[in-house]
């Protein structure tokens, strides 16, 4: 007898939807086929679509931003994730300079994540390294982490990593088979004038700062044979130039992540009276750059959200860029937004691709032996409302979409069942 049996669903298998049934034993998929078997719990999908559990590779829960912490902690952020069909999230360790600090940041983040309702993992995060970089990498690998994030900017808050160490990390990434994640903006091109307001954000952090730095690091990846993953690509111009100059490396040594906000909005919203609600870094770009991003979606390997949520009051009381908490939520709406725009082609970018990039064994695909992670969707039209986490607004409110998340299942257990949230107990997922 199965623990869970999902019948009458259109199941996403190898890039296609197939009408079939799924049997679950414990946390794993044990059967895929047309026969019907008894189970402790049977779920009639009623011809709804059953996707592999979605993965968000880029969230910031309970992140201190200098003046305030992001409002969604691991409990509320993962509750929003469940409503968004997300079964696994990847957060970030606090920036560390050496292997000893890395271990401490890991222990701290593990404690904070104890109430996570979905499965979770962490990227290591490095800043101004002052220790042995190879030792840092080996410590990271021992913790079951296969990715390290660096910043090419934020020198003013001592988070920047400079070219010499970036090249070293890329060389080590080839040797030890891990991924270097990079927030890519040219630090010298950013305007830090303390009189600037939110309306100046796109000009203060211009597109050329992203594009030029992206091309430089792609060059480093080519020279070293290392593995580079560019987070939150904001500009279609950046993506176009990478494709033009490094096409043969895409999906092999160079990976591109983007976020829903850059496909949905352009920087004209920053000029409105509530433009401060749309502030994050890198910022929104021109309509031309947005259209370029849409046009070249096939070259984007992964969709993350950069979920870093704040309340309206947090934003409107910091209208100057200096001290403003940069970030927005989005984990709850990311799939339905992207699915409306691009259809089935975003499924792998939010599941299979990410499991391969992160090297999550048993994640990202529906097949026997994998974890029983599922996102069940219906074709119901809906208007996006306020999120179910700890924040009081979403930039996606009032947008109409053609899909809704009906149920979310993590390792065979519902955390969202027909729209009703059920507290879960996420687990820390190690890389292969």
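Here is a check on your reading of the model: is residue 290 outside any helix (DSSP H, G or I) and farther than 21 Å from residue 353 by Cα? Explain how you work it out, then say what you get.
On the way: outside any helix (DSSP H, G or I): no; farther than 21 Å from residue 353 by Cα: yes.
When the stated conditions are applied, residue 290 does not pass them.
Filter the stretch 18-51 for residues that are within 30 Å of residue 257 (Cα to Cα) and touching a residue at least 40 places away in the same chain (Cβ under 8 Å); which is nearest to the chain's Cα centre (by Cα)? Lay out the reasoning, then the answer.
Let us first name the residues in the stretch 18-51 that are within 30 Å of residue 257 (Cα to Cα), namely 18, 27-29, 48-51.
Filter again for touching a residue at least 40 places away in the same chain (Cβ under 8 Å), leaving 27-29, 48-51.
Values: 27: 24, 28: 24, 29: 25, 48: 25, 49: 22, 50: 21, 51: 18 Å.
Filtering first and then ranking leaves 51.
Across the stretch 400-424, which residue is modelled with the highest pLDDT among those that are surrounded by 16 or more Cβ atoms within 10 Å (Cβ to Cβ), touching a helix residue (DSSP H, G or I) at 6+ places or on another chain (Cβ under 9 Å) and part of a loop (DSSP other than H, G, I, E, B)?
So, considering only residues that are surrounded by 16 or more Cβ atoms within 10 Å (Cβ to Cβ), touching a helix residue (DSSP H, G or I) at 6+ places or on another chain (Cβ under 9 Å) and part of a loop (DSSP other than H, G, I, E, B), the one modelled with the highest pLDDT is 403.
Please count how many residues of the stretch 184-201 are under 21 Å from residue 315 (Cβ atoms) and outside any loop (DSSP other than H, G, I, E, B).
Within the stretch 184-201, residues that are under 21 Å from residue 315 (Cβ atoms) and outside any loop (DSSP other than H, G, I, E, B) number 5.
Have a look at 311, 296 and point out the one that is under 25 Å from residue 76 (Cβ atoms), in contact (Cβ under 8 Å) with a residue 60 or more places away in the chain and surrounded by fewer than 20 Cβ atoms within 10 Å (Cβ to Cβ).
311
Quick check on my filter: what residues within the stretch 339-398 are without any contact (Cβ under 8 Å) to a residue 60 or more places away in the chain and in a helix (DSSP H, G or I)?
342, 345, 346, 349, 353, 356
Restricted to the stretch 316-338, and to residues that are modelled with pLDDT of 95 or more and assigned to a helix (DSSP H, G or I), which residue is surrounded by the fewest Cβ atoms within 10 Å (Cβ to Cβ)?
It comes out as 336.
If residue 121 satisfies all but one of (1) assigned to a loop (DSSP other than H, G, I, E, B); (2) farther than 18 Å from residue 186 by Cβ, what's the number of the condition it fails?
Failed condition: (1).
Taking residue 4 as the residue in question, decide whether it is surrounded by 21 or more Cβ atoms within 10 Å (Cβ to Cβ) and closer than 30 Å to residue 279 by Cβ.
no
Checking the structure you have, find out if any residue of the stretch 52-71 is farther than 30 Å from residue 140 by Cβ and touching a residue at least 12 places away in the same chain (Cβ under 8 Å). Let's see the steps before the verdict.
Keep residues of the stretch 52-71 that are farther than 30 Å from residue 140 by Cβ, which gives none.
Looking for residues that are farther than 30 Å from residue 140 by Cβ and touching a residue at least 12 places away in the same chain (Cβ under 8 Å), one finds none in the stretch 52-71, hence no.
Of all residues being under 21 Å from the mean Cα position of the chain (by Cα) and part of a loop (DSSP other than H, G, I, E, B) in the stretch 271-287, which is surrounded by the most Cβ atoms within 10 Å (Cβ to Cβ)? Just the residue, please.
Only one residue tops the list, namely 282.
Would you call residue 15 under 15 Å from residue 367 (Cα atoms), exposed (fewer than 12 other Cβ atoms within 10 Å of the Cβ) and in contact with a helix residue (DSSP H, G or I) (Cβ under 9 Å, 6 or more places away or on another chain)? Reasoning before the result, please.
Details: under 15 Å from residue 367 (Cα atoms): yes; exposed (fewer than 12 other Cβ atoms within 10 Å of the Cβ): yes; in contact with a helix residue (DSSP H, G or I) (Cβ under 9 Å, 6 or more places away or on another chain): yes.
Judged against the criteria, residue 15 is a match.
Do you know which of the residues in the stretch 42-94 that are out of contact with any strand residue (DSSP E or B) (no Cβ under 6 Å at 6 or more places or on another chain) and part of a strand (DSSP E or B) is nearest to residue 157 (Cα to Cα)?
For the stretch 42-94, the residue satisfying everything is 64.
Results for (1) surrounded by 17 or more Cβ atoms within 10 Å (Cβ to Cβ); (2) free of Cβ contacts under 8 Å to residues at least 12 places away in the same chain; (3) in contact with a helix residue (DSSP H, G or I) (Cβ under 6 Å, 6 or more places away or on another chain); (4) on the phi > 0 side of the Ramachandran plot, shown as yes or no for each residue.
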{"residue": "184", "(1), (2), (3), (4)": "yes, no, yes, no"}
{"residue": "206", "(1), (2), (3), (4)": "yes, no, no, no"}
{"residue": "220", "(1), (2), (3), (4)": "yes, no, yes, no"}
{"residue": "228", "(1), (2), (3), (4)": "yes, no, yes, no"}
{"residue": "240", "(1), (2), (3), (4)": "yes, no, yes, no"}
{"residue": "269", "(1), (2), (3), (4)": "no, no, yes, no"}
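Quick one: which residue in 141, 149, 167, 199 is out of contact with any strand residue (DSSP E or B) (no Cβ under 9 Å at 6 or more places or on another chain) and within 17 Å of residue 229 (Cα to Cα)?
When all the criteria are applied, what remains is 167.
The values are calculated or read from the model by the stated rules, or taken from the named source; none is laboratory data. All values reported here derive from a predicted model rather than from experimental measurement. Heads up, the Cβs are rebuilt from the backbone with ideal geometry, glycines too, and the neighbour counts pull from every protein chain shown.
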